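Nothing in this text is a laboratory measurement; each read-out follows from the coordinates by a stated rule. A quick note: this is a predicted structure, and the numbers were derived from the prediction, not measured. Please note: Cβ atoms are built from the backbone with ideal geometry, for glycine as well, and neighbour counts cover all protein chains shown.
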Amino acid sequence: MTRKFSAAAETELKDILDDFPNKKSALLMVLRLVEREFGMIDDGGMELAAATCEVSVAHVLGMVSFYTHFKRPFHGKHRFMVCATLMCSIGGPSGKCDQSLAVIHRRLGIAPGECTEDGLFSVEKVECLADCNRPPVIQKDNDHHVNITDALLEELIDSLLTREGRSKEHYAGQKGIAMNARIPSISVKQTVPGPQGIR
């Protein structure tokens, strides 16, 4: 799917590109703009970022797959990222990551790497969320939660269920489906300078 920035995003893009010495170095910020503009980074968004920054789609894919915080089409509308590095696994006074994952599984029927069948929720174990002194750490979309107790996580899930018009028991007994974290099949075009210029 071909993507195109809105007029407002084009204005922001110009400001972003003006802040960097070359287009390639602006890639992370351009990807953030793509994510805000389209709600996620899909194949079309990666192609747009590649064309904008004059890099290959493979380079963009490398960036998007390395930085796991980017929202992709296979993630749920509400994405739980649970830190599973050593400090969060050991835990603190509030609990540990396995407890948080158990609450999410009990309430939403999903385990790490799964999404609810309706696409509203997904959960993943992720590497460090940079709050090692306050475990367990969970990021829900762009909201960062530290020292999260089971009770606070229950409240967060309840508020999301209410916002989405679901009962507290909506997902009881349901099983999650594996997220399709496939490698995209994007057409490959050479976008690097060659003997005949950019092709």
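Which value in Å does the Kirkwood hydrodynamic radius of the stretch 102-157 take, with 1/r averaged over all unlike C-alpha pairs and then inverted? All intermediate terms of the calculation are to be shown ahead of the outcome.
Details: mean 1/r = 0.0835 Å⁻¹.
Roughly 12.0 Å, rounded to one decimal.
Just to be sure I understand: of the beta bridges DSSP finds with both ends in the chain, what percent are antiparallel, rounded to 5? It would help to have the intermediate numbers written out before the result.
Details: 13 of 19 bridges.
Expressed as a percentage, antiparallel bridges in the chain total about 70.
Rounding to the nearest 10 and keeping the result within 0 to 90°, find how far the Cα-based axis of helix 7-18 lies from the longest principal axis of the chain.
Its long axis makes an angle of about 80 degrees.
Could you give the angle, 0 to 90 degrees to the nearest 10, between helix 97-108's Cα long axis and the longest principal axis of the Cα atoms of the chain?
90 degrees
If each residue of separation counts as 0.36 nm, what is the full-extension length gain between Asp15 and Ala51 once their alpha-carbon separation is subtracted? Intermediate results must be reported in sequence, preceding the final value.
Values: separation 36, 0.36 × 36 = 12.96 nm, distance 1.70 nm.
Here the segment from Asp15 to Ala51 would lengthen by 11.3 nm.
By how many nm would the segment from Asn180 to Arg32 lengthen if fully extended, with 0.36 nm per residue of separation less the alpha-carbon distance? Could the numbers behind the result be given before it?
Working: separation 148, 0.36 × 148 = 53.28 nm, distance 2.18 nm.
Going from the current span to full extension adds 51.1 nm.
Within 15 Å, Cβ to Cβ, of Ser25, how many net charges do the neighbouring residues add up to if Lys/Arg are +1 and Asp/Glu are -1? Could the numbers behind the result be given before it?
Values: positive: Lys23, Lys24, Arg32; negative: Asp15, Asp18, Asp19, Glu54.
Spelling it out: positives minus negatives among the neighbours equals -1.
Which value in deg cm²/dmol, rounded to the nearest 500, describes the helix-derived mean residue ellipticity at 222 nm for the chain, given -39,500 (n - 2.57) per DSSP H run of n ≥ 4 and division by the residue count?
On the way: 7 runs with 76 residues, N = 199.
Mean residue ellipticity at 222 nm (helix-derived): -11500 deg cm²/dmol.
Using Cα atoms only, what is the angle between the long axis of helix 57-66 and the major principal axis of the chain, expressed in degrees (0 to 90) to the nearest 10?
20 degrees
Can you give the Kirkwood hydrodynamic radius for the chain, in Å, rounded to one decimal and based on Cα pairs? Mind dumping the intermediate values first?
Numbers: mean 1/r = 0.0541 Å⁻¹.
Computed over the chain, the radius equals 18.5 Å.
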